[in-house]
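Below is one structure, written out as structure tokens, with a few remarks after it.
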Amino acid sequence: MEGYTADKVFDQVDFGQTNLETGHFEQCRFDRCVFPDLSSRKFSECVFDGCNLSLAVLTNTAFRDVAFKRCRMWGLLFHHCVKFGTSFSFEDCSLNHSSFFGTKLKGTLFKDTQLHEVDFSEADLTEAVFDNCTLTKANFHDTLLTKADLRYAFDFVIDPEYNKVAKARFSAKGLAGLLQRYGIVVDS
């Protein structure tokens with residue numbers, strides 16, 4: 001039987017050593033915790049602050065209105081999560097080598113976050129905001145970027161011929177990342 005936990009604070013717990021109950025967590029806070037496996041758990045209106053989730057298993061994990069702050073999240077496969085109702089934000093996180101392949105990320109906030117070699121192929125990033133984010137070698141292919149805000153994103157390459165960028169916002173310095181396929185050099 002699945003458990004239900006609400007309004008609880010977990011501080012400095014290594015869930016590789018201590019079992020995290022399977023079930024629904026609502027309005028909980030996880031501070032400086034370590035997570036090797038979040039499979040088959042549901043998180044609603046939770047905050048993860050200073051946690052290490054690198055390489056955590058996310059099979060059938062549900063995230064609804066979840067905030068990640070100052071977390072290390074390398075190599076996560078978000079496309080294994082429950083698809084319906086997924087919503088989260090990332091602030092001052094490191095998501096390097098993670099995958100959002102085919103994930104709906106409409107309106108997601110990425111703030112002060114490293115997204116090196118992240119796969120956004122076939123993702124829906126409609127109205128997503130990348131505020132002071134580095135996207136070195138991030139993969140955008142068949143990605144929906146309609147109305148996305150990349151004015152303060154850095155080091156990205158997005159081919160407008162293979163992605164939907166209607167009404168997306170870019171800064172003048174981001175033009176080089178949009179024109180790279182054409183061999184055009186843009187001086188700043």
query: Pairs, please: C-beta under 6 Å, at least 6 apart or cross-chain, first residue within 18 Å of residue 56 (Cα to Cα) and open to solvent by 50 Å² or more (accessible area, probe 1.4 Å) and in region 3-31, second among the small types (Gly, Ala, Ser) and assigned to a loop (DSSP other than H, G, I, E, B)?
result: 22/40
query: Got a sec? Which of 101, 84, 78, 110 is modelled with pLDDT under 95 and under 27 Å from residue 146 (Cβ atoms)?
result: 84
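Please tell me if residue 99 is open to solvent by less than 70 Å² (accessible area, probe 1.4 Å), touching an Asp or Glu at 6+ places or on another chain (Cβ under 8 Å) and more than 21 Å from residue 15 (Cα to Cα). Walk me through it before giving the result.
Working: open to solvent by less than 70 Å² (accessible area, probe 1.4 Å): yes; touching an Asp or Glu at 6+ places or on another chain (Cβ under 8 Å): yes; more than 21 Å from residue 15 (Cα to Cα): yes.
So residue 99 fits the description; yes.
Sort through 101, 90, 63 and tell me the only one that's assigned to a loop (DSSP other than H, G, I, E, B) and of a type in the set (Phe, Trp, Tyr). Spell out the reasoning first.
Values: 90 fails: assigned to a loop (DSSP other than H, G, I, E, B); 63 fails: assigned to a loop (DSSP other than H, G, I, E, B).
Exactly one of 101, 90, 63 is assigned to a loop (DSSP other than H, G, I, E, B) and of a type in the set (Phe, Trp, Tyr), namely 101.
If a residue has to be of a type in the set (S, T, N, Q) and open to solvent by less than 20 Å² (accessible area, probe 1.4 Å) to count, how many in region 40-62 make the cut? Write out each step before concluding.
In the first step, residues of region 40-62 are kept if they are of a type in the set (S, T, N, Q); the result is 40, 44, 52, 54, 59-61.
Of the ones still in play, those that are also open to solvent by less than 20 Å² (accessible area, probe 1.4 Å) are 44, 61.
Number of matching residues: 2.
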- prompt: Only one residue in 150, 125, 145 is more than 23 Å from residue 84 (Cα to Cα) and buried (at least 24 other Cβ atoms within 10 Å of the Cβ), so which one is that?
  reply: 150
message: Would you confirm whether or not region 39-47 contains a residue that is at positive phi and outside any loop (DSSP other than H, G, I, E, B)?
response: no
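The values are calculated or read from the model by the stated rules, or taken from the named source; none is laboratory data. None of the values given here were measured: they were computed from a predicted structure. Note that we place each Cβ from the backbone using ideal geometry, even for glycine, and neighbour counts take in every protein chain shown. What goes into the accessible areas is simple: the full protein's heavy atoms, side chains included, and nothing from ligands, DNA or RNA. Shrake-Rupley method; radii C 1.70, N 1.55, O 1.52, S 1.80 Å.
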